[in-house]
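Before any comments, here is the structure.
Read-outs throughout are calculated quantities, based only on the coordinates presented, and are distinct from any laboratory measurement. Everything numeric in this text was worked out from a predicted model, so none of it was measured. Cβ placement follows ideal geometry from the backbone for every residue including glycine, while neighbour counts extend to all protein chains displayed.
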Amino acid sequence: MKNKSDLAESDSTEEVSFKRKRGFRLMGLNLNADGAVKGFFGGNAYLAILFLLFICIFLFKSAIGFIPGYRTELAEARISGIEAANHINYQLVGYDALYTKINQAFINERRDRFGDLETVVPIYEELESIVDDKLEDEVDEYTELDDGDKKEASALALKESIKNASAKLSREALLKKIKARLPETDTISDEAYARALIYAEQYALNDYETPDEISRIPAMINEQMGGFYKAVEAIKHSDDDLRQIYASIEKKSQVTYRTISNNRKNQESIDELSKNIESLDTDPSNKRDSTRSAAMTKRIAELKPKIVDIDTAENIKFVYNEISKHDAAADKMISEFQVGVDLLAKAEVKTEKSEILIKESSRLFDELKEISNERKSLLAEWNHEKPVTLWNSVTAFFFGADWKTGSDRQNLYGLMPLFTGSLLISLVAMLFAVPLAIGAAIYVNQFATKREAGFLKPGIEFIQAIPSVVLGLFGVLVVAGLLQGLSECGWLSWVPGFPIQDRLNVLLAGILLAFMACPTIFTLAEDALNNVPKAYTEASLAMGANKLQTALKIVVPASLSGIVAAIMLGFGRVIGETMVVLLVAGNKARIPDLSNGIGVIGESVHTMTGIIAQEYGEVEPGVLHWKALFMVGLVLFLISLSINSVCQRVIAKRSK
Amino acid sequence: MSNPFQTKQGWNQRKERLSFWSLRICTYIIIAAAIFIFSNIFMKGVPTFFKAEAPYINTEFFTESPQILSVWEDQDGQEYSMTKKNYEQWIVAHPEKEIIGLKNLTASGGGILGPLAGTFLLVVICMIIALFIGVSASIYLSEYCGKGKIMSMIRLSILNLAGVPSIVFALFGLGVFCWLAPVITDVPKDNAAFVCGWLWTDSYLSFQGWGTSLLAGSCTLAIMVLPVIITACEESLRAVPKGFREASYALGATQWQTIRKSVLPFAIPGVLTASVLGITRVAGETAPIMLTATMSEKSTLPWEQVEGPWSFLTQSVQALPFHIYTLAKFPDSEHVKPMQYGSIAAFLILVMGFALLSMMLRNRLRNKLKW
Amino acid sequence: MKLKTFKTVATTLTASLVLIGSAVAEKIEIKGSDTLGAKLVPQLKAEYLKANPSLTIDILAQGSGHAFSNLVAGTANIGMSSRMVKDKELDNFASKGKDLIEHVAAYDMIAVIVNEKNPVKKLSLKQIEGIFTGSITDWSEVGGKAGAISVYTRNTSSGTYKSFSGLAMSKKDYGDKCQKLEGNQPICTEVSKNENGIGYVGLAYAKGDDYKTVKVDGVSPKISKISKYPLARKLYYYTVGEPKGEVAKLLTWMTTSEAANKIVAKIGFVPTPVAEAAMKKDAASE
C-alpha cells in the first residue's frame, strides 16, 4: 500500500518538477515557450524557403528584362540599316568560304607547276631570318653610317658576311626547311638560291626593307598559270561591287546605330536620376539628401547636351539607295563567278588535291547562289519601319546562330552555339559514362561478391568528391596531351575526327565529364537495382534462369525507370558543370559543324556554363549583356530543374 | 566438386561468362581511371610537400602565400629556383655568382597559406550560416509541419534545387550579394539600387552590395548548399522512430522538450554527416567563389590589416580552388609544375578527407543506429 | 550569465555596424587586364611593397573589361587596361558623374605567334585580318604548308582582343572559328601544341620554346621597331578622378621611377620613356 502511494507521490512530484521547471523558464515571457521555439524554427524555415524562392524570382526578373531590351537593340539595328548590311554580309561570308577553297586549289597547282621559281620566296625568307638573327649588329652599324666611301666598303663587307652566314646553312638543311612549306620540292636550284641571296643582300642594305621583287615573283608565276589564273582573277574581283555597297551601308548605319543607342542610354540615366531626385525631394528634412539631389541635378545637366539630334530618315534613305544597287552587284558577283568557274572547268588541273577542291567549290557555288537569291528577296522585302516584336527577340535569342559580344558592330546574343556545344559535350560524356556506370552498377549489384562490392561501391562513390577544377587542370596538363598523342597514332586513324588538331575539344571535355558523371549514375542506378524485390530474382532463378538472364531480363527491366532517372540526373550534372568545360572545351562560340559526322568530336565548342564564367567580368549590373547572361543562367536553371523534377518523381514513386 | 547437374559448357554459359567479364571490366575501368588520376596527382604533387634536408617537410609550402618565383642559373650551370624574397637575400649572400637567364614567374613560388586560409574562412562562415538556417528549417519541416500537399511540394522543390548547377547560384550571388546587398555607409555608391536614411543617424542604408568579398562568397555558397543540408537533415530527423516522440509526449513533455530531448540527440549524427557532406561540396566549388569572393593576388593574409569585423568580412580573399584555376592558365613549365601539382594534391587531400569522413560517419551511423 | 552573453553579442553587433561606416583601410585594389596584371603589376607590387611594407595591394587580372566595370562601381582603385576606354564605357562614367583619368603604363606590341614548326615567317596585315576574320582558312594561302588554320584569341573581356581588332582587323568582327582563351599564357600553350595554330599575345609572352613570332608587314616586334611595327599600342592605368594619397604615390612610382622601368623592360614591355624617345627619333629622321 505504502509502496503504491510512494509511487504515486514520486510520480506527482516529478510532474510538479516538470511544471515548475517550465514555469521558471517562462519567467518574464508570457508567451509559451513552445510557441517561441516553433516561431524561431518556422522563421528560419520560411527564411530558407524565401531565399530559395528569391533566387528563382531574381533570376527570372534579371533574365526576363533581356527580351524587351534585346528587342530595343534589334529595332535600333533595323532602323539604322545594320540589318540590311547583315544580309549582304551573309553573301560575302559565303563568297569568302568559296574563294578560299578555289585559292587553295590554285596555290596547290601553282606550287606543283612552278616548283623552282616558287622556292625563291621561301629561300629568301630563310636567308632574311639569318640576317635578322645573326647580322643585326652589322646591319645597324651600316645603316648608321653616312653616305660615302666608308659606306660602300661597309656594304661590300656586309654582303660578304651575308654570303658567309648563309653558306653556313647547308643545302640539305635549307631543303628540309623549304620542304616544310612546299612538300613537293625536291631540289634547290643554284639559280633560285643566287637570286634569293641577292634579295637578301638588298634587304640588309635597305635597312630591313623587303625588296619589291619578292612580291613580284608570285605575280610573275601567276601570269604564267594561264587559264587557271584568269579564272581565279575573275573570281577574286567578282565581289568588289558588293563589298563596296556593304562598306558604305555599314559605315552609315553604324553611325546611326551608335548615336541612337547612346541617346537612349543617356536618356535612361537622366530618367533614372530624375526619379531619384523626386524620391529624395519628398523628404526635405534630411540635409544630406539635398546635397545628393543637387549632385544629381548637376549630372543631368551634364548629360543633356550629350543627346544628339540625328536624322535617321536621311540616313536610311542613303541605305535604301545603296540597297537599290544591291541586286545588280549581287548578280554581277554571281555572273562573274560563273565566268570564273567556267574558265576553271576549262583550265587544266594536274593535281588530285586541286581537283577535289574545285569539285567541292562547285558544290559550294550552288549554295552561294541560293544564299544570294534568298538574301536578295529578303532585302527586297526589307523595311526599316517593320516593327520588331517581342517574339522576334525571343526567337533571336533562342535560335540565333551567333553569340558575339564585345563587337564593334552589333552585339548578338544567340543561344544556339552555346546550347549545341553544351548538348554535344554532354552527349559525348553520356556515351562514355552510361555503359560504364550502368555496367558497373549491374556488376556490383548482381555479380560481385560481398567483399568485392564492399570496396567497389565506396570506391566509385568516392570519385564524386573530386572537385571539378582539379579535374579541369588535370585535363589541361595531362589528358589533353595524352589524347592528342593517341589521336596521332596511325592505327587509330579510323576513328572519326582523328587526328585531332585542336588540343581542347569536345572529346576531351566529354571524357572528363564522363568521369564526373559515373559516380552519380552508378549510385542511383545501383539503388534502383537494389530496390527490386528479392522475390523477382528468386522466382527467376527458381525457373532455371541463370544469373545473367535474371539480371538482364528481370532485374534491369524491373528497375528501368530508376536507371533512366539515374542517367538523366547524370546528364543534368554534366550539362551544369562549369570549370571543366571552361578549361578544356576550347571556347569556340560556333554551332558545331555536323557535316563531318562523328568527326565533330574533334572540334572546339563553347558552352552555356562556360560563357557565364568567361563573360561575367566585363558586364555591370543592368546592361543588356548582363541580362543575357542571366537568360543563359535561366535556361540552365530550367533545364536542370525539369530534369530533376521528373527524376525525383520517378525515384519517389519507385521507393514507395 | 563438380556440379552434377552441369551440362557441358554451352553457349549460354559462355555468354554468361562473357557478360560477367565485360561488366566487371566496366567497373574496373572506372576504378582504374580514378587510380590513374589519384596516383598521377599524388606522385607529382606530394614531393612538393617534402624536401631533401631536415626537417624534411617543405614548411614554406604551408606557411607562405603564393609569390613570385625567380629562376636562374649561375655561371657553372647550376639551376636555382626560389621565391623572389629569398633570391634577393641570395644575391647579397653570394656576390661572386653570376646570374644568367633570370626569369620571374608569377604566383608559382612560395606556398598556399593564403588560399588555404581563404578557403577555410569561406567554408566556416558558409557552414555557420547554412547550418543555422538549414538545421532549424529542417526541424520545422519535419517536426512542426504536417504532410500537407503544399509542404510536400516545398520539399520537392528544395530537393530539386539541390541539383541546380553551381554557376546559376554563382550568378545569383553575384547579382544579389555583390551588387545588391544592404550596407550602412556614410557615402552611398552611385550604383546602389536603393538608398534611404538609416534610423536617426547621418548614415544611409544603401543597397549597393558587398562587392567581391568573403561575406558575399560565403553567403552564395550557403545558399547553394542549403537545399542539400535541409534535405539531408530532414531525412535524419525523419529516421528517428515515431515511438520516441510518442513516448515523450506520453510523459507530458511539450513539443520543444520532445524535440530537444528525444529527437535531436538521435538525429545529431545524421546532421553531422549532412554538414560534412555540405563541407565536401562547398570546399570543392570554384565557380561561385570565382564570381563572388576571390582575388588572384593578395599581399596579406585574411587576418592581417583588418579594422573591425566588417572590413574583415568584406575583404576579398584568395581561395584554393581559384588559385588552382589561375595555375591552370600557366604554362607547361617545370618550374610551375611543383606549385600546380602541390596545390591540387593538397586540395584533393583536403576535400577527400572530408568526403572520407562523411562516408565513415554515414557507415557508422548505419551500423550503430538501428531501430 | 545568459544576459551577459546577450549583451556581449549585442555590443559586438552594434560595434560592427558602427564600424561599417568608418572602416577605411590603407588598401589598394587593382583590377583589369591580364596582359598587365598577370606578370608586370604583381612584380611591380612586390618591388613597391619592399619600400612600403604597411600597404596592402590586391590584384585581380581577368581582362580589361573588369577594369572599367569595377572602377565605375567603385570596387577598384586602379584599373589596368590594355586598350583605351571605349566610348560606351566613357558614357557610363559620365552618366555617373565620374571623371576617368588615363595614365600610360607602358608601350606594348602585340606579337602574332605561330608554332615553331610552322614555316611561315611573315604575314601582311591583310593576311592577318583574313585569318582572324575567317576568310583565310588554310595555311597554304599565306605561303605555308597546307593545313586548316586554328585561330586562338583572347576572350571578349580582354583589352588585347579589342585593340587587336582595331589594329589588325580594321574593327571587323572576329570569325566564328576563333577559340577564345582566358589569358595570354593559354594562347602560348595552345599554339605551342598545335602545328597549325596562330594566336596573338603581348610582347612579354612572345618568347617561348615551341612557338615563334612572325613579322607583320615585314617588321618584327622588337623594341627598336616600335614606331614601325603596326601592332604597337599603349597600356594604361585608369583612375576615377585625379589619384590621391597612396594611390597617387604608387602610380607615379609605377610609371616614372627607374626601378619600375627596369622591371617593365625586363618583363618585355617597352617603358614609356624608351618608347617615346624611339618615336621621336623616327619622327625626326623622316
When restricted to C:K172, C:K215, the only residue surrounded by 20 or more Cβ atoms within 10 Å (Cβ to Cβ) and among the basic types (K, R) is C:K215
Any chance segment A:134-157 includes a residue that's crowded, with 18+ Cβ neighbours inside 10 Å and closer than 30 Å to A:F337 by Cβ?
no
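Of the residues that sit in segment C:53-77 and are free of Cβ contacts under 8 Å to residues at least 12 places away in the same chain and farther than 24 Å from B:K329 by Cβ, which one is nearest to the other protein chains (Cβ to nearest Cβ)?
Once the filter is applied, the top-ranked residue is C:A73.
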Residue set A:A247, A:A234; condition closer than 27 Å to A:I88 by Cβ, of a type outside the set (S, T, N, Q), out of contact with any helix residue (DSSP H, G or I) (no Cβ under 6 Å at 6 or more places or on another chain) and in a helix (DSSP H, G or I); output residue A:A247
Per the filter on segment C:63-87, residues closer than 11 Å to C:K162 by Cα and surrounded by fewer than 22 Cβ atoms within 10 Å (Cβ to Cβ) are C:M84, C:V85, C:K86
Filtering segment A:412-437 down to residues that are under 18 Å from A:T609 (Cβ atoms) and not in a helix (DSSP H, G or I) yields A:Y413, A:G414, A:L415
If you go through C:T153, C:T160, the only one that is under 20 Å from the mean Cα position of the chain (by Cα), closer than 28 Å to A:Y246 by Cα and assigned to a strand (DSSP E or B) is C:T153
Within segment C:227-251, the residues that are more than 21 Å from C:A61 (Cα to Cα) and of a type in the set (S, T, Y) are C:S227, C:Y229
Out of (1) within 32 Å of the chain's Cα centre (by Cα); (2) surrounded by 14 or more Cβ atoms within 10 Å (Cβ to Cβ); (3) without any contact (Cβ under 8 Å) to a residue 60 or more places away in the chain, the one A:K359 does not meet is (2)
When restricted to C:E102, C:E89, the only residue free of Cβ contacts under 8 Å to residues at least 60 places away in the same chain, under 23 Å from the mean Cα position of the chain (by Cα) and either farther than 30 Å from A:Y124 by Cα or at the interface with chain A (Cβ under 8 Å from one of its Cβ atoms) (or both) is C:E89
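When you go through C:G134, C:G166 one by one, which is the residue that is more than 16 Å from the chain's Cα centre (by Cα) and touching a residue at least 24 places away in the same chain (Cβ under 8 Å)?
When all the criteria are applied, what remains is C:G134.
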Exercise. Taking the condition small (G, A, S) and in contact with a Leu (Cβ under 6 Å, 6 or more places away or on another chain), does B:S316 pass?
Worked result: no
Going through segment A:588-622 in order, the residues found to be in contact with a Ser or Thr (Cβ under 7 Å, 6 or more places away or on another chain) and facing another protein chain (nearest Cβ under 7 Å) are A:K588, A:T609, A:A613, A:E615, A:G617, A:E618, A:V619, A:E620
Considering only helices (runs of 4 or more DSSP H) wholly within segment B:161-251, the ones with at least 3 residues that are surrounded by fewer than 24 Cβ atoms within 10 Å (Cβ to Cβ) are B:214-238, B:242-250
Among (1) without any contact (Cβ under 8 Å) to a residue 12 or more places away in the chain; (2) at the interface with another protein chain (Cβ under 8 Å from one of its Cβ atoms), B:P265 falls short only on (2)
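Have a look at C:T153, C:T133 and point out the one that is surrounded by fewer than 23 Cβ atoms within 10 Å (Cβ to Cβ), more than 7 Å from every other protein chain (Cβ to nearest Cβ) and either of a type in the set (S, T, N, Q) or out of contact with any helix residue (DSSP H, G or I) (no Cβ under 9 Å at 6 or more places or on another chain) (or both).
Being surrounded by fewer than 23 Cβ atoms within 10 Å (Cβ to Cβ), more than 7 Å from every other protein chain (Cβ to nearest Cβ) and either of a type in the set (S, T, N, Q) or out of contact with any helix residue (DSSP H, G or I) (no Cβ under 9 Å at 6 or more places or on another chain) (or both) holds for just one of C:T153, C:T133, which is C:T133.
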Residue set A:I611, A:I591; condition in a loop (DSSP other than H, G, I, E, B) and either touching a residue at least 60 places away in the same chain (Cβ under 8 Å) or crowded, with 24+ Cβ neighbours inside 10 Å (or both); output residue A:I591
A:F571 passes all but one of the listed conditions (1) facing chain B (nearest Cβ under 10 Å); (2) part of a helix (DSSP H, G or I); (3) buried (at least 24 other Cβ atoms within 10 Å of the Cβ); (4) out of contact with any Cys (no Cβ under 7 Å at 6 or more places or on another chain); the exception is number (1)
If you go through A:F66, A:F54, A:F114, the only one that is facing another protein chain (nearest Cβ under 9 Å) and farther than 24 Å from C:I131 by Cα is A:F54
Every listed condition ((1) more than 13 Å from chain C (Cβ to nearest Cβ); (2) closer than 30 Å to B:C178 by Cα) holds for A:E73 save (1)
Checked segment A:61-84 for anything part of a helix (DSSP H, G or I), touching a Lys or Arg at 6+ places or on another chain (Cβ under 8 Å) and not hydroxyl-bearing (S, T, Y); matches are A:A63, A:F66, A:G69, A:E76, A:R78, A:I82
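Can you confirm whether B:T294 is touching a Phe, Trp or Tyr at 6+ places or on another chain (Cβ under 6 Å), among the polar types (S, T, N, Q) and at negative phi? Explain how you work it out, then say what you get.
Numbers: touching a Phe, Trp or Tyr at 6+ places or on another chain (Cβ under 6 Å): yes; among the polar types (S, T, N, Q): yes; at negative phi: yes.
Yes, satisfied.
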Selection over segment A:528-551 where residues are in contact (Cβ under 8 Å) with a residue 60 or more places away in the chain and part of a helix (DSSP H, G or I) yields a count of 6
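Every residue, every condition in (1) closer than 30 Å to A:Y257 by Cβ; (2) surrounded by fewer than 23 Cβ atoms within 10 Å (Cβ to Cβ); (3) in contact with a Phe, Trp or Tyr (Cβ under 7 Å, 6 or more places away or on another chain), yes or no:
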| site | (1), (2), (3) |
| --- | --- |
| A:A396 | yes, yes, yes |
| A:G414 | yes, yes, yes |
| A:G421 | yes, no, no |
| A:V444 | no, no, no |
| A:P467 | no, no, yes |
Boolean, C:V216 is hydrophobic (A, V, I, L, M, F, W, C), in contact (Cβ under 8 Å) with a residue 24 or more places away in the chain and farther than 20 Å from C:A232 by Cβ: no
All conditions in (1) of a type outside the set (A, V, I, L, M); (2) out of contact with any helix residue (DSSP H, G or I) (no Cβ under 9 Å at 6 or more places or on another chain); (3) within 8 Å of chain B (Cβ to nearest Cβ) are true of A:T449 except (3)
Residues in segment B:310-363 that are facing another protein chain (nearest Cβ under 9 Å) and among the basic types (K, R) total 2
Restricted to segment A:188-231 and to residues being assigned to a loop (DSSP other than H, G, I, E, B) and touching a residue at least 40 places away in the same chain (Cβ under 8 Å), the residue farthest from the chain's Cα centre (by Cα) is A:S189
